[in-house]
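These notes concern the structure reproduced below.
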Amino acid sequence: MKVILSGNEAIARGAYEAGVVVATAYPGTPSTEIIENVARYEGIYAEWSPNEKVALEVATGAAIGGCRALAAMKHVGVNVAADPLFTVSYTGIKGGLVIVTADDPEMHSSQNEQDNRNYAKFAKVPMLEPADSQEAKDFIKQAFELSERFDTPVFVRTTTRISHSKSVVEMSEPHERPPKPALAKQPEKYVMVPAHARKRHPLVEQRIKDLEAFAEEFPENRMEIQDTSVGIIASGTCYQYAKEAFPGYSFLKLGMVYPLPKNKIKEFARKVKKLYAFEELDPFFEEQVRALGIEILGKEVFLCAGNLIPALLSRGFGDQWNRNKKDESLPYLPSRPPTMCPGCPHRGLFYALNKLKVFVAGDIGCYTLACLPPLKAVDTCICMGASIGHAMGLDKALGSEALGKVVAVIGDSTFLHSGITGLLDVAYNRGACTIIILDNWTTAMTGRQDHPGTGMTIKGDTTSKVDYVKLAKRWASSR
């Protein structure tokens, strides 16, 4: 059966077909719909975790228990999950463990544009990158096989264009889930005290060498030889852009973006006269190809920021590529910056804060848009949960000058994600900060997902919920 699915829907289907038992996530565009769709399949435990670190830890526990597990997050979520990530690279797994990182070139809904291919290299774990929805489904299944074969967590990287674009997908029946294995103790493998970790590190280095050999034979790393005057190395959505702009040239299409198939790259370079790397954001391929002693063009002609749409790729090659192209530029359209929703209850708060002329340490959420006219009432926003720490820092740096003039504003989901520790810091270190929690009873920015303050799970089951007043009592009494 063939259906039309978005990349996120296809990833969820791939998890189901691969026999995933546990799936975790914290909502974040462009990854949110993955777990929302996973939760619709019978036989999979799915949860909204309080943050990405917890999501990966829960998924890791399931994998250590011998079951297949998936953790999904947006690119900046991997920053939060980095602590367990680097060590689970050492421990390895028992059941397959796949981490989906949804990167956001052009920052359609993000505070930065980081390239998470670097995390694969840094953590020394393999990474696959699909180029359409069919590959998104298939690569999840292949990632689990790779994880179990090489005793490693595996990244699957998408970008916004792949996450939200739709294409035809061939559905398959799910793998029959094996009986749950008996829980076995292996402290030398899973308890990373220095004596154990020293023994695990050489295994990680050998694993990378074994994965490099595997990359040479991996069928999704393939050469498409046509006109050999130009060869293009690309992956994911950039492969689609390049094929649209230059369908007649030769391609090395990489489905496994780390580690790279070095011998295949050398072979491809020998077949073409001029070699280009088409990649969004960092020169990840370009630098590694250059390290092989191969001449390649990349960021000298293509941008390091934003989406590399076909028109920009054509421009990067110079006039000879555009001689027969019509001007396809769009007419001028007025900009429509995002704004807070009509009827948003937080408008009144930010209107009042603006009138009071206080310094507002803001946070990640749709209320961050209060920094724009006409409200102009947010003065900082860096990352999830940072507002309380900013207010604390201003209090300690400025003393009485900040008293009554600094306010931290944070949404309920963001507070539960990583604001609680900031509140503990204020209480423990006797800060004098005004903190406002904007309680929506939902994760509003990403589409009204549940969290520990809503009293509902992702499946709609009733559960306990956080009482913010009781949680803050220790803080209040310390003042």
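Computed from the coordinates by the stated procedures, all read-outs in this text should not be read as laboratory data. The model shown is predicted, which means the values in this text are computed figures rather than measured ones. All Cβ positions, even for glycine, are placed from backbone atoms using ideal geometry, and neighbour counts span all protein chains on display.
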Peptides ranked, highest mean first, by Cβ atoms within 10 Å: ranges 236-242, 112-118: 236-242, 112-118
Loop-resident sites, region 380-477, for trypsin sites (Lys or Arg not before Pro), counting at most 14 other Cβ within 10 Å (DSSP): Arg430, Arg448, Lys459, Lys465
Per-residue Cβ neighbour rank within 10 angstrom, fewest leading, His201, His75, His196: His201, His196, His75
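Where does the chain land at 222 nm, in deg cm²/dmol rounded to the nearest 500, when only DSSP H runs of n ≥ 4 count, each adding -39500 (n - 2.57), divided by all residues?
Values: 17 runs with 185 residues, N = 479.
It comes out at -11500 deg cm²/dmol, rounded to the nearest 500.
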Between 0 and 90°, nearest 10: helix 52-64 axis offset from the chain longest Cα axis: 60
Long-range HN-HN contacts of Ile458 with modeled amide H, under 5 Å: Trp48
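Set the Förster distance to 45 Å, then compute FRET efficiency between Ala432 and Lys166 from the Cβ-Cβ distance, nearest 0.05.
Step by step, r from the Cβ atoms, then E = 0.30.
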Proximal lysines to Lys376, defined as alpha-carbon separation beneath 19 angstrom and excluding residues fewer than eight positions away on the same chain: Lys355, Lys357, Lys405
Euclidean distance of C-alpha centroids, region 1-50 and region 189-214, integer Å: 30
Kirkwood Rh (inverse of mean 1/r, distinct Cα pairs), region 346-478, angstrom: 15.2
For Tyr26, residues with placed amide H under 5 Å, excluding near neighbours: Ser49, Ala72
FRET E, pair Lys274, Ala182, Förster distance 45 Å, beta-carbon r, rounded to 0.05: 0.20
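Could you give the size of the charge dipole of the chain about its Cα centre, using +1 on the Cβ of each K and R and -1 on the Cβ of each D and E, expressed in debye and rounded to the nearest 20? Each step should come with its number before you reach the end.
Details: 56 positive and 55 negative charges, 159 e Å.
The calculated dipole for the chain is roughly 760 debye.
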Vicinal HN-Hα couplings computed from phi for region 263-276 (Karplus, 6.51 cos²θ - 1.76 cosθ + 1.60; Hz; Gly/Pro x): 5, 5, 5, 4, 4, 5, 4, 5, 7, 10, 7, 9, 10, 10
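With 18 Å as the limit, write out which pairs from Lys243/Lys264; Lys209/Lys262; Lys53/Lys137; Lys121/Lys243; Lys166/Lys253; Lys253/Lys274 have Cα-Cα distances beyond it, or answer none.
Details: Lys243/Lys264 20 Å; Lys209/Lys262 11 Å; Lys53/Lys137 24 Å; Lys121/Lys243 27 Å; Lys166/Lys253 20 Å; Lys253/Lys274 16 Å.
Long pairs (Cα-Cα over 18 Å): Lys243/Lys264; Lys53/Lys137; Lys121/Lys243; Lys166/Lys253.
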Net charge of neighbours whose Cβ lies under 11 Å from the Cβ of Asp103, counting Lys and Arg as +1 and Asp and Glu as -1: -3
Cα long-axis angle, helix 236-245 against the chain (0 to 90 degrees, to the nearest 10): 60
Amide proton proximity set for Cys67, modelled H, under 5 Å, gap of 5+: Gly95
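Given the peptides 166-172, 125-131, 91-97, arrange them by the average over their residues of other C-beta atoms within 10 Å, most packed first. Mind dumping the intermediate values first?
Working: 166-172: 15.1, 125-131: 26.6, 91-97: 25.0.
Per-residue Cβ counts within 10 Å, averaged per peptide and sorted highest first, yield 125-131, 91-97, 166-172.
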Net charge, Thr442 excluded, C-beta distance under 10 Å - Lys, Arg +1, Asp, Glu -1: -2
Furthest towards positive pole of dipole, Thr152, His201, His164, structure part region 150-209, Cβ charges: His201
Rounded Å value of the spacing that divides the Cα centres of region 107-158 and region 356-411: 35
In sequence order, calculated HN-Hα J values of region 399-413 (Karplus, 6.51, -1.76, 1.60; Hz; x Gly/Pro): x, 4, 5, 8, 4, x, 10, 10, 10, 9, 10, 8, x, 5, 5
Label point at Lys2 placed 7 Å out along Cα→Cβ; residues across region 209-238 whose backbone nitrogen lies under 16 Å: none
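I'd like the FRET efficiency for Ile309 and Tyr332, computed as 1/(1 + (r/R0)^6) with the beta carbon distance as r and R0 of 22 Å, rounded to 0.05.
Numbers: r = 18 Å, r/R0 = 0.81.
It comes to 0.75.
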